Amino acid sequence: MGYRERAEPILHPRVSVGDSLSLNQWQSLTCMLHVAVPHATYISERTGGLSNFTFPEYEVSLLFFRNAFLVDITKDESGRVLRLDSISTTEIWGDMDIMIFDSWHWWLHTGRKQPWDLIVYGNYSVPDMDRMTAYTIALNTWATWIDSNVDPTKTRVFFQGIPTIPFYIFSGQGSTAKNCVGQTQPLKTGVGPHPAEIVLEKVLCAMEKPVYLLNITTLSQLRIDGHPSVYGQGGHSSPDCSHWCIAGVPDIWNEFLYAALD
């Protein structure tokens, strides 16, 4: 396939920043591009939370940086601290032609899956808070950074919609299952705007710099049949009804991205 171990400086980098659903889209995009130029040499490497897929011949580098909250999580004597008004990883985002962001999936996790012990914002320090409020504050922190640092003549910014299906969909809207297991047909109707997308749209509308909302929420809601289900890593004991099969729904997200770039 022309696989090589190390990458070299590339003139036209693109970066996706977000959680595993952002990774879903990034993996789909790298596969689609490789199919388009199947004989082109590529370089695939990963260092920590940063993955890089490069086509040296075309001087294109596609990066994915894992940051589920966009803002910082640090460790101190208090434990793991989610800092809603701090972004310190932006040096990885700099000098990009295209930036695609995503954040929502992890904001509702509790218990052992909750990745913080404390939330800090300004002079406030609390063990927990309303998650939608926290999400709003973090998005505004991100928006302030974009407005202050991005040059729209050099960089185009996108934000992925909310491609997570709310679990209450699985028990209604024409579905007889309690989850995605055994689903073979899309839903015929959606469930209306996702609450997180309403928040996201308000933040984007208030920004000074243009950010294109890749509005994939409704089409993703309809695709109850598009998940790895029991064929994912959890198997029958923990079917994956959050992420998406590749090839599948993420390919459509990238078709939308391509249309927006045209």
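Look at the range 95-114: where a residue is on the phi < 0 side of the Ramachandran plot and a partner is exposed (fewer than 14 other Cβ atoms within 10 Å of the Cβ) and modelled with pLDDT under 90, sitting 6+ places away or on another chain with Cβ atoms under 7 Å, you get Asp97/His12. Residues in the range 201-242 that are surrounded by fewer than 18 Cβ atoms within 10 Å (Cβ to Cβ), outside any loop (DSSP other than H, G, I, E, B) and of a type in the set (D, E, K, R): Glu201, Lys202.
The one condition from (1) in contact (Cβ under 8 Å) with a residue 40 or more places away in the chain; (2) under 16 Å from Tyr212 (Cβ atoms); (3) of a type outside the set (Gly, Ala, Ser) that Tyr135 does not meet is (2). Only one of the numbered conditions (1) at pLDDT below 90; (2) farther than 17 Å from Asp19 by Cβ; (3) in contact with a strand residue (DSSP E or B) (Cβ under 7 Å, 6 or more places away or on another chain) is violated by Ser175, and that is (3). With the condition kept exactly as written, say whether any residue in the range 187-198 is closer than 17 Å to Ser103 by Cα and of a type in the set (A, V, I, L, M). Yes, that holds for at least one residue. Scoring Val157 on the criteria (1) more than 20 Å from Gln25 (Cβ to Cβ); (2) at pLDDT 95 or above leaves a single failure, condition (1).
The values are calculated or read from the model by the stated rules, or taken from the named source; none is laboratory data. Only a predicted model underlies this, so the values are computations on that prediction, with no experimental measurement involved. Note: ideal-geometry Cβ built from the backbone for every residue, glycine included; neighbour counts use all protein chains shown.
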